[in-house]
1. Leaving ligands, DNA and RNA out of it, rank Glu195, Glu27, Glu157 by accessible area with a 1.4 Å probe, largest first.
2. So if each residue of separation counts as 0.36 nm, and I subtract the Cα-Cα distance between Asp33 and Phe110, what length gain in nm does that give?
3. Once fully extended, how much extra length lies between Lys198 and Asp69, figured as 0.36 nm per residue of separation less the alpha-carbon to alpha-carbon distance?
4. Dividing the alpha-carbon radius of gyration of the stretch 78-126 by 2.2 N^0.38 Å (N being the number of residues), what value is obtained?
5. Under the Karplus relation 6.51 cos²θ - 1.76 cosθ + 1.60, θ = phi - 60°, what is the ordered set of whole-Hz ³J(HN,Hα) values for the stretch 71-79, x standing for Gly and Pro?
6. What accessible surface, in Å², does a 1.4 Å probe find on Val170, ignoring ligands, DNA and RNA and rounding to the nearest 10?
7. Any idea what the dipole of the stretch 39-113 comes to, in debye rounded to 20, about its Cα centre with Lys/Arg Cβ at +1 and Asp/Glu Cβ at -1?
8. With θ set to phi - 60° and the Karplus curve 6.51 cos²θ - 1.76 cosθ + 1.60, what are the ³J(HN,Hα) couplings of the stretch 183-200 in order, to the nearest whole Hz, using x for Gly and Pro?
Amino acid sequence: PPASSADVKTVTVHVLSEDAANGADEELNKEFDDADDTCKKGVLGHQFNDATVSACRNASELAERLPTDGNYVARRSAFVYTATAYADVGDFKSALPWADKAVEVVKLGFDDDSGSNAAYSTKGTIEGLLGDLNAADQDLTLAEEFSRKGIVWIEKEAPSLKQEYVRPFVRDLQFHAKVLQALGRPDEAQKKLDEAAKYN
């Protein structure tokens, strides 16, 4: 069975190192930045409603028109937030294509570990909530690999920000454990819970 909708809030939101749009079309950049700002305020402010979904979808549709060169983080971030906004109102079917787009952007190789984690974590969580447990297992495994690398990096470069990396990692591990339990793999589920417990 799918993980319960009470687990919806496990969709990870990353607010670090987000770049605004850049490119020659200043009007498009401003329109995107405004929509993106409204979207992020809604999601981060727990405004789980149609207005937030609409702002996020608008930001993502504008992001798709940004020049691909140099807007990787802005695009991935917009897609993650749009997927999250849909998931937060329980519309996982509409959320998944945006999460897929976020993963397609990080596959281009221009994002950092935190951004890559955000894309795979969001996709894996939504797949789990939709009941596609095998896909969720695969994507959460990738998300956790990026998280582990990100935590190693942040411990060296900016230890004060470690919790910003650890919190979503722990949520991924705990949600992944539920997925593995539902797949009938309790030993692997327990390993995820044991790893998460190390950070508490």
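1. Greatest to least solvent exposure: Glu27, Glu157, Glu195.
2. Extra length from Asp33 to Phe110 when fully extended: 25.7 nm.
3. On the way: separation 129, 0.36 × 129 = 46.44 nm, distance 3.97 nm.
Contour length minus Cα-Cα distance gives 42.5 nm.
4. 1.03
5. 10, 4, 5, 4, 5, 4, 4, 4, 5
6. 20 Å²
7. Values: 9 positive and 11 negative charges, 31 e Å.
Using Cβ point charges on Lys, Arg, Asp and Glu, the stretch 39-113 gives about 160 debye.
8. 7, x, 10, x, 5, 5, 4, 5, 4, 5, 5, 5, 5, 4, 5, 4, 9, 8
The values are calculated or read from the model by the stated rules, or taken from the named source; none is laboratory data. Here the structure is a predicted model, which means the values were calculated and not measured. FYI the Cβ positions are ideal-geometry reconstructions off the backbone, even for glycines, and counts take in every protein chain you see. For accessibility, only protein heavy atoms count, side chains too; no ligands or nucleic acids. Shrake-Rupley method; radii C 1.70, N 1.55, O 1.52, S 1.80 Å.
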